[in-house]
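The values are calculated or read from the model by the stated rules, or taken from the named source; none is laboratory data. Fair warning: this is a prediction, and the values are worked out from it, not measured in the lab. Glycine gets a Cβ as well: all are built from the backbone with ideal geometry, and neighbour counts include every protein chain shown.
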Amino acid sequence: MSRIKPLNIKARAVEASTDRDVRGYAFGDCCASFAPGWEVGTQDNADPCPWKSDLSLCWGTCYWMGQVPDYISYGEWLDTCGNIQNDWRNLCTIPDNG
Amino acid sequence: MNLVVDEVVSLHSDNLSHVFHVPTSSLYAMDSETMSILEGARDGLHTDQSLQKLTADSGLDPAEVEDIIDNLVKLRLLVPPGETGNRGPLADRPQSGRSMGNLVLHVAHTCNLGCGYCYAEQGLYKGKATLMNEERAHEYVDWLFDQCDPETKSLGITFFGGEPLLNLKVMKSAAAHARERADTDNKSVRFSVTTNGTLVTPEIVDFLAAIDCVVTVSLDGIGKTNDRLRPFHSGRGSYDLVLDRIQPLLERGKVAARVTVTRQNLDVVDTVTTLLERGFAEVGCSPVDAKNPAYDLRGEDYEVLLDGFGTLSRRYIDEAVQGRKYGFSNIANIIKAVHQGHNKDYPCGAGLQMVAGAPNGEMSLCHRFVGEPDYVLGNVKEGGIDSHRRLQILEDIQLSERSDCSSCWARYICSGGCHHVNFLFEGDPSRTYLTHCDYLRAWYRMGLEAYAEIMSRNPEFVGEFIDPGFLCNQ
């Protein structure tokens, strides 16, 4: 991106997130959000707690606890789903091994 | 192809093009071709024809335009029509469930000065002149440590009033007790005080140094200007006495001055310049909120104030380019906010990380709400804060509840403005006081431009003074 330079911390975080799969993340309502979670936090060390970052994704009027799988343990969970709006039925289910 | 430009603010200055993305508070520098593509897409890229027209207008190779658009999409500056305004995970999460880290201890509800604009009615806060007793101060300190999360390692106590130095004995006792508790609980405690400076003695200078207290002295101008605004009750001026008494403090360094700007002391350039020359480490200016036409700023006054801020900000930038810091707090604070990309639902830590404690035990949303019964969060004599009441108030005053702010580009930086200003002028902290808004937007824009210029001309300054360790050329 030689033509655009991120200056502040948030711009750098956005640029860093372009390396991740953020398909479907832009849905406004939490129940339609298919974000893959932010296990290591999006602000480097500012919020490194996995469960908290997943919960806080939907902070606001509601949250849906455990809505997304642990993306480190299940890094390929979105691979069967090229387009979240069309292929969401192909999303794999994370087995409950507990 | 169906894309629109997300909510952005374009900044142009001296061959520099910058874009501030409102939903994420991200700031980008971009070359002129990228800026022209972004601005050319203002009406949307809804069809292949609109893309072809944009390409033709730009004079660039189609592959180059495609590359630029691809990058703008990655950075969410161009988004599908239904996906505008998304903050994603970049909003700063308020920690409303966490414990308080800062206590404003109102050790004295009385003052030896009689400033006409004082929101606290010369320190009385709608009550009688009162000094906090030692027992109460210890209760507050114990409450602060008892309610504190185990992971919170550093707590802050601000001595406030009225004039806090009128109750030096309790300040000393509270500080000693807080240090004992910090040792016992394996935490650290930071102290600060806001004073009018009239009562400072060598003994007090030693005490403040011993507890490593950050000192802010209120001064509203130079000489007679200050005297008119900050007289003793007798009418005598306070400027010469204050400067004389605080001299030993200034020699120790790191003393800040706070200037309350009214219609009567709009020459902030002279005030800030002179106070810095007198030895203050930094000077910050804050427009008064008195609900009194003799003091409150109006249209043309804001222009004078912004003009002065512009002059002082230019000095700050010029010094920053040379690798030095100029002690004008306002621009330093806004540059820090821009650097971090503040994206907040609350304008400050009131009720989130900070609470004020009055001499009678009442704990309020912040120091300015002391004496207002509707914003009492609890009583230190009865176990402290009522968490239900706290959350109720926090829910009412968050940004998302304000329709007035929904279309303002500065909403995630300003977050609706000071709760107390809103309360004072609109009768409700959740209703935005719109009179300030034009001034605030102009000021934030100045801050964005200042940060962009510093990052362009001497980014190492940010790594050295604003965010130690930040790698500017990463």
* Just name the residue that is nearest to the chain's Cα centre (by Cα) out of those in the stretch B:343-381 that are part of a strand (DSSP E or B) and in contact (Cβ under 8 Å) with a residue 40 or more places away in the chain. => B:A350
* To do: Could you tell me whether any residue of the stretch B:10-27 is over 29 Å from B:G447 (Cα atoms), at pLDDT below 95 and among the polar types (S, T, N, Q)?
  => no
* Asked: Restricting attention to the stretch B:419-442, and to residues there that are among the hydroxyl-bearing types (S, T, Y) and in a helix (DSSP H, G or I), which single residue is nearest to B:A290 (Cα to Cα)?
  -> B:T435
* So how many residues does the stretch B:364-393 have that are of a type in the set (A, V, I, L, M) and surrounded by fewer than 19 Cβ atoms within 10 Å (Cβ to Cβ)? -> 1
* For the stretch B:67-90, enumerate the residues that are crowded, with 20+ Cβ neighbours inside 10 Å, facing chain A (nearest Cβ under 8 Å), in a loop (DSSP other than H, G, I, E, B) and of a type outside the set (K, R). => B:L75
* So, of the residues in the stretch B:12-35 that are out of contact with any strand residue (DSSP E or B) (no Cβ under 9 Å at 6 or more places or on another chain) and more than 11 Å from chain A (Cβ to nearest Cβ), which turns out to be nearest to B:D61 (Cα to Cα)? -> B:N15
* To do: Would you check if B:N265 is touching a Phe, Trp or Tyr at 6+ places or on another chain (Cβ under 8 Å), within 21 Å of B:Y117 (Cα to Cα), not hydrophobic (A, V, I, L, M, F, W, C) and not in a helix (DSSP H, G or I)?
  => no
* To do: Would you mind finding the one in B:S415, B:S407 that is free of Cβ contacts under 8 Å to residues at least 12 places away in the same chain and of a type in the set (S, T, Y)?
  => B:S407
* Find all pairs meeting these conditions: Cβ atoms under 8 angstrom apart; at least six residues apart or on different chains; first residue within the stretch B:453-469 and without any contact (Cβ under 8 Å) to a residue 60 or more places away in the chain; second residue part of a helix (DSSP H, G or I). => B:G469/B:G463
* To do: Return the only residue of B:S99, B:S50 being at pLDDT below 90, away from every other protein chain (no Cβ under 14 Å) and either crowded, with 18+ Cβ neighbours inside 10 Å or over 30 Å from B:I385 (Cβ atoms) (or both).
  => B:S50
* To do: Say whether the condition of being touching an Asp or Glu at 6+ places or on another chain (Cβ under 8 Å), among the basic types (K, R) and within 15 Å of B:G221 (Cβ to Cβ) is met by at least one residue in the stretch B:265-286.
  => no
* Asked: If we scan the stretch B:402-412, do we find a residue that is surrounded by 20 or more Cβ atoms within 10 Å (Cβ to Cβ), more than 21 Å from B:I317 (Cα to Cα) and within 14 Å of chain A (Cβ to nearest Cβ)?
  -> yes
* Examine the stretch B:206-221 for a residue that is closer than 17 Å to B:E163 by Cα, over 23 Å from the mean Cα position of the chain (by Cα) and surrounded by fewer than 19 Cβ atoms within 10 Å (Cβ to Cβ), and state whether such a residue exists. => yes
* Sort out which residues of the stretch B:333-368 are of a type in the set (A, V, I, L, M, F, W, C), under 30 Å from B:C118 (Cα atoms) and touching a strand residue (DSSP E or B) at 6+ places or on another chain (Cβ under 7 Å), and write them in order of number. => B:M354, B:V355, B:A356, B:A358, B:M363, B:L365, B:C366
* Hits in the stretch B:424-456 (condition: within 20 Å of B:H18 (Cα to Cα) and away from every other protein chain (no Cβ under 14 Å)) -> B:L440, B:R441, B:A442, B:W443, B:R445, B:M446
* Looking at (1) crowded, with 20+ Cβ neighbours inside 10 Å; (2) free of Cβ contacts under 8 Å to residues at least 60 places away in the same chain; (3) among the aliphatic types (A, V, I, L, M); (4) away from chain A (no Cβ under 14 Å), can you tell me which one B:V421 breaks? -> (2)
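Let's see how each residue does on (1) outside any helix (DSSP H, G or I); (2) more than 21 Å from the chain's Cα centre (by Cα):
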{"residue": "B:V283", "(1), (2)": "yes, no"}
{"residue": "B:S286", "(1), (2)": "yes, no"}
{"residue": "B:A290", "(1), (2)": "yes, no"}
{"residue": "B:A294", "(1), (2)": "yes, yes"}
{"residue": "B:L297", "(1), (2)": "yes, no"}
{"residue": "B:Y302", "(1), (2)": "no, no"}
{"residue": "B:L305", "(1), (2)": "no, no"}
{"residue": "B:K325", "(1), (2)": "yes, no"}
{"residue": "B:N330", "(1), (2)": "no, no"}
